[in-house]
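This report refers to the structure that appears directly beneath it.
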(Lines give C-alpha, C1' and ligand atoms only; values in the text may rest on other atoms or scores of the structure.)
Protein backbone atom coordinates (compact mmCIF):
# COMPACT_ATOMS: atom_id res chain seq x y z
CA UNK A 1 0.00 0.00 0.00
CA UNK A 2 1.33 3.44 -0.98
CA UNK A 3 0.79 6.47 1.28
CA UNK A 4 -0.04 10.02 0.17
CA UNK A 5 3.69 10.91 0.02
CA UNK A 6 4.48 8.16 -2.50
CA UNK A 7 6.10 5.70 -0.07
CA UNK A 8 5.25 2.03 0.06
CA UNK A 9 6.09 -0.34 2.94
CA UNK A 10 8.29 -3.14 1.61
CA UNK A 11 9.05 -4.87 4.92
CA UNK A 12 7.55 -4.86 8.41
CA UNK A 13 9.21 -6.95 11.12
CA UNK A 14 9.65 -7.07 14.90
CA UNK A 15 13.32 -7.30 15.96
CA UNK A 16 13.35 -9.03 19.34
CA UNK A 17 17.05 -8.38 19.98
CA UNK A 18 16.40 -4.63 19.61
CA UNK A 19 12.88 -4.72 21.08
CA UNK A 20 11.90 -2.62 18.09
CA UNK A 21 9.41 -2.72 15.26
CA UNK A 22 11.31 -2.20 12.01
CA UNK A 23 9.62 -0.98 8.86
CA UNK A 24 11.33 -0.33 5.54
CA UNK A 25 9.67 2.10 3.14
CA UNK A 26 10.61 2.89 -0.46
CA UNK A 27 9.68 6.03 -2.36
CA UNK A 28 8.23 4.86 -5.67
CA UNK A 29 9.34 7.81 -7.80
CA UNK A 30 12.92 8.25 -6.54
CA UNK A 31 13.78 4.90 -4.95
CA UNK A 32 14.77 6.60 -1.68
CA UNK A 33 14.53 4.24 1.30
CA UNK A 34 13.37 5.07 4.84
CA UNK A 35 14.03 2.71 7.74
CA UNK A 36 11.82 3.25 10.80
CA UNK A 37 12.64 1.69 14.18
CA UNK A 38 9.89 2.09 16.76
CA UNK A 39 10.60 1.34 20.43
CA UNK A 40 10.39 2.76 23.98
CA UNK A 41 13.68 4.73 23.83
CA UNK A 42 13.37 8.29 25.18
CA UNK A 43 15.78 9.60 22.57
CA UNK A 44 14.19 10.33 19.24
CA UNK A 45 16.78 9.80 16.50
CA UNK A 46 16.82 10.77 12.83
CA UNK A 47 19.52 10.50 10.23
CA UNK A 48 19.75 11.06 6.51
CA UNK A 49 22.50 9.29 4.60
CA UNK A 50 23.82 9.60 1.04
CA UNK A 51 26.19 7.38 -0.91
CA UNK A 52 29.34 9.45 -1.50
CA UNK A 53 32.03 7.05 -2.79
CA UNK A 54 35.24 9.04 -3.36
CA UNK A 55 37.35 8.76 -6.51
CA UNK A 56 40.50 10.17 -4.93
CA UNK A 57 41.92 11.51 -1.66
CA UNK A 58 41.01 15.18 -2.16
CA UNK A 59 38.27 14.97 0.49
CA UNK A 60 35.51 16.40 -1.73
CA UNK A 61 32.73 14.50 0.09
CA UNK A 62 34.06 15.72 3.45
CA UNK A 63 34.21 19.32 2.21
CA UNK A 64 30.65 19.08 0.87
CA UNK A 65 29.52 17.61 4.22
CA UNK A 66 30.80 20.75 5.95
CA UNK A 67 29.59 23.16 3.24
CA UNK A 68 26.05 21.77 3.34
CA UNK A 69 25.73 22.89 6.97
CA UNK A 70 26.68 26.51 6.17
CA UNK A 71 23.19 27.82 5.42
CA UNK A 72 20.19 26.75 3.37
CA UNK A 73 17.17 28.12 1.55
CA UNK A 74 15.00 28.39 4.68
CA UNK A 75 17.87 29.10 7.10
CA UNK A 76 20.21 31.52 5.27
CA UNK A 77 22.45 32.21 8.27
CA UNK A 78 26.19 31.73 8.14
CA UNK A 79 26.38 28.67 10.39
CA UNK A 80 22.99 27.16 11.35
CA UNK A 81 24.86 24.13 12.72
CA UNK A 82 26.61 26.33 15.31
CA UNK A 83 23.31 28.02 16.21
CA UNK A 84 21.72 24.60 16.80
CA UNK A 85 24.63 23.59 19.03
CA UNK A 86 24.02 26.69 21.15
CA UNK A 87 20.22 26.70 21.33
CA UNK A 88 18.87 23.19 20.82
CA UNK A 89 17.88 20.62 23.44
CA UNK A 90 19.65 18.04 21.30
CA UNK A 91 21.25 14.95 22.75
CA UNK A 92 23.23 14.40 19.54
CA UNK A 93 23.99 16.60 16.56
CA UNK A 94 26.74 16.03 14.01
CA UNK A 95 27.66 14.88 10.52
CA UNK A 96 30.14 12.25 9.34
CA UNK A 97 31.92 11.32 6.13
CA UNK A 98 32.72 7.62 5.88
CA UNK A 99 34.69 5.85 3.14
CA UNK A 100 31.48 5.25 1.16
CA UNK A 101 28.73 7.47 2.61
CA UNK A 102 27.94 10.77 4.34
CA UNK A 103 25.54 10.83 7.32
CA UNK A 104 23.68 13.67 9.02
CA UNK A 105 22.28 12.35 12.36
CA UNK A 106 20.35 14.23 15.05
CA UNK A 107 18.69 13.22 18.34
CA UNK A 108 16.62 14.87 21.04
CA UNK A 109 14.31 13.82 23.86
CA UNK A 110 12.07 16.84 23.20
CA UNK A 111 9.62 16.15 20.36
CA UNK A 112 9.28 19.77 19.19
CA UNK A 113 13.05 20.26 19.23
CA UNK A 114 13.50 16.94 17.42
CA UNK A 115 11.26 17.95 14.53
CA UNK A 116 13.00 21.32 14.34
CA UNK A 117 16.39 19.60 14.05
CA UNK A 118 15.04 17.38 11.27
CA UNK A 119 13.64 20.41 9.43
CA UNK A 120 16.95 22.28 9.57
CA UNK A 121 18.97 19.25 8.45
CA UNK A 122 16.63 18.31 5.60
CA UNK A 123 16.62 21.88 4.31
CA UNK A 124 20.41 21.90 4.55
CA UNK A 125 20.99 18.70 2.59
CA UNK A 126 18.33 19.31 -0.08
CA UNK A 127 18.62 23.11 -0.45
CA UNK A 128 22.15 24.16 0.60
CA UNK A 129 23.38 27.66 -0.16
CA UNK A 130 26.89 26.68 -1.19
CA UNK A 131 29.01 29.44 -2.71
CA UNK A 132 32.63 29.49 -3.90
CA UNK A 133 33.62 31.29 -0.70
CA UNK A 134 32.05 28.52 1.41
CA UNK A 135 34.08 25.92 -0.50
CA UNK A 136 37.22 27.97 0.13
CA UNK A 137 36.36 28.39 3.81
CA UNK A 138 35.53 24.73 4.38
CA UNK A 139 38.01 23.17 1.92
CA UNK A 140 41.14 25.25 1.53
CA UNK A 141 42.29 28.74 0.56
CA UNK A 142 45.44 30.85 0.62
CA UNK A 143 46.10 33.30 3.42
CA UNK A 144 48.70 36.04 3.66
CA UNK A 145 49.18 37.85 6.96
CA UNK A 146 51.89 40.27 5.80
CA UNK A 147 52.97 41.30 2.30
CA UNK A 148 56.41 39.69 2.61
CA UNK A 149 55.14 36.44 4.24
CA UNK A 150 54.85 33.22 2.24
CA UNK A 151 51.35 32.11 1.27
CA UNK A 152 49.89 29.58 3.67
CA UNK A 153 47.02 27.13 3.29
CA UNK A 154 43.98 27.38 5.56
CA UNK A 155 40.58 25.73 5.60
CA UNK A 156 38.30 23.96 8.07
CA UNK A 157 38.55 20.48 6.53
CA UNK A 158 42.20 21.02 5.56
CA UNK A 159 43.11 21.82 9.18
CA UNK A 160 40.85 19.07 10.57
CA UNK A 161 42.57 16.45 8.44
CA UNK A 162 46.04 17.80 9.30
CA UNK A 163 45.08 17.15 12.90
CA UNK A 164 43.67 13.71 12.11
CA UNK A 165 46.85 12.67 10.31
CA UNK A 166 48.98 13.79 13.23
CA UNK A 167 47.64 10.73 15.09
CA UNK A 168 49.75 7.58 14.48
CA UNK A 169 46.70 5.40 15.18
CA UNK A 170 44.69 7.24 12.49
CA UNK A 171 47.52 6.92 9.95
CA UNK A 172 47.95 3.20 10.69
CA UNK A 173 44.21 2.58 10.39
CA UNK A 174 43.95 4.55 7.13
CA UNK A 175 46.96 2.93 5.45
CA UNK A 176 45.92 -0.52 6.65
CA UNK A 177 42.46 -0.12 5.11
CA UNK A 178 43.95 1.22 1.87
CA UNK A 179 46.38 -1.70 1.65
CA UNK A 180 43.64 -4.29 2.19
CA UNK A 181 41.09 -2.68 -0.15
CA UNK A 182 43.12 -0.75 -2.75
CA UNK A 183 40.60 -1.05 -5.59
CA UNK A 184 37.42 0.23 -3.90
CA UNK A 185 36.43 3.36 -2.00
CA UNK A 186 38.48 2.20 1.01
CA UNK A 187 41.63 2.55 -1.10
CA UNK A 188 41.51 6.35 -0.86
CA UNK A 189 40.96 8.83 1.97
CA UNK A 190 37.34 10.03 1.95
CA UNK A 191 38.14 12.68 4.57
CA UNK A 192 40.98 14.05 2.49
CA UNK A 193 44.73 13.66 2.77
CA UNK A 194 46.14 17.19 3.16
CA UNK A 195 48.99 16.95 0.59
CA UNK A 196 46.51 15.75 -2.05
CA UNK A 197 43.98 18.43 -1.12
CA UNK A 198 46.10 21.13 -2.76
CA UNK A 199 46.00 21.36 -6.56
CA UNK A 200 49.64 22.42 -6.87
CA UNK A 201 51.05 19.28 -5.21
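Cβ contacts < 8 Å: first residue without any contact (Cβ under 8 Å) to a residue 12 or more places away in the chain, restricted to region 21-35; second residue surrounded by 12 or more Cβ atoms within 10 Å (Cβ to Cβ) and assigned to a strand (DSSP E or B), any location; separation 6+ or different chain. Result?
Close Cβ pairs (under 8 Å, with a partner that is surrounded by 12 or more Cβ atoms within 10 Å (Cβ to Cβ) and assigned to a strand (DSSP E or B)) amount to 32/26; 33/24; 33/25; 33/26; 33/27.
Answer with yes or no whether residue 85 is surrounded by fewer than 16 Cβ atoms within 10 Å (Cβ to Cβ) and either assigned by TED's automatic domain parsing to the domain that holds residue 184 or free of Cβ contacts under 8 Å to residues at least 12 places away in the same chain (or both).
yes
So, residue 139, is that one crowded, with 18+ Cβ neighbours inside 10 Å and under 18 Å from residue 79 (Cα atoms) or not?
yes
For region 116-153, what are the residues that are in a strand (DSSP E or B) and within 23 Å of the chain's Cα centre (by Cα)?
Result: 128, 141.
Restricting the search to region 88-98, which residues are under 16 Å from the mean Cα position of the chain (by Cα) and without any contact (Cβ under 8 Å) to a residue 60 or more places away in the chain?
Result: 92, 93, 94, 95, 96.
Would it be correct to say that residue 134 is in the same structural domain as residue 78 (by TED's automatic domain parsing) and farther than 21 Å from residue 55 by Cβ?
yes
Output yes when any residue across region 186-200 is part of a helix (DSSP H, G or I), under 30 Å from residue 87 (Cα atoms) and either assigned by TED's automatic domain parsing to the domain that holds residue 47 or in contact with a helix residue (DSSP H, G or I) (Cβ under 9 Å, 6 or more places away or on another chain) (or both), and no when none is.
no
Return yes when residue 74 is surrounded by fewer than 17 Cβ atoms within 10 Å (Cβ to Cβ) and in contact (Cβ under 8 Å) with a residue 40 or more places away in the chain and no when it is not.
Yes; evaluated as a whole, the condition is true for this residue.
Condition check: over 27 Å from residue 159 (Cβ atoms) and either in contact with a strand residue (DSSP E or B) (Cβ under 7 Å, 6 or more places away or on another chain) or in the same structural domain as residue 178 (by TED's automatic domain parsing) (or both). Does residue 38 satisfy that?
Yes, satisfied.
Out of (1) surrounded by fewer than 14 Cβ atoms within 10 Å (Cβ to Cβ); (2) modelled with pLDDT under 95; (3) under 21 Å from the mean Cα position of the chain (by Cα), what's the single condition that is false for residue 36?
Unmet condition: (2).
Please verify whether region 163-170 includes one or more residues that are surrounded by 16 or more Cβ atoms within 10 Å (Cβ to Cβ) and either in the same structural domain as residue 49 (by TED's automatic domain parsing) or at positive phi (or both).
yes
The values are calculated or read from the model by the stated rules, or taken from the named source; none is laboratory data. Remember, it's a predicted structure, so these values are computed and weren't measured experimentally. Counting neighbours? That spans all protein chains shown, and the Cβs are built from the backbone with ideal geometry, glycine included.
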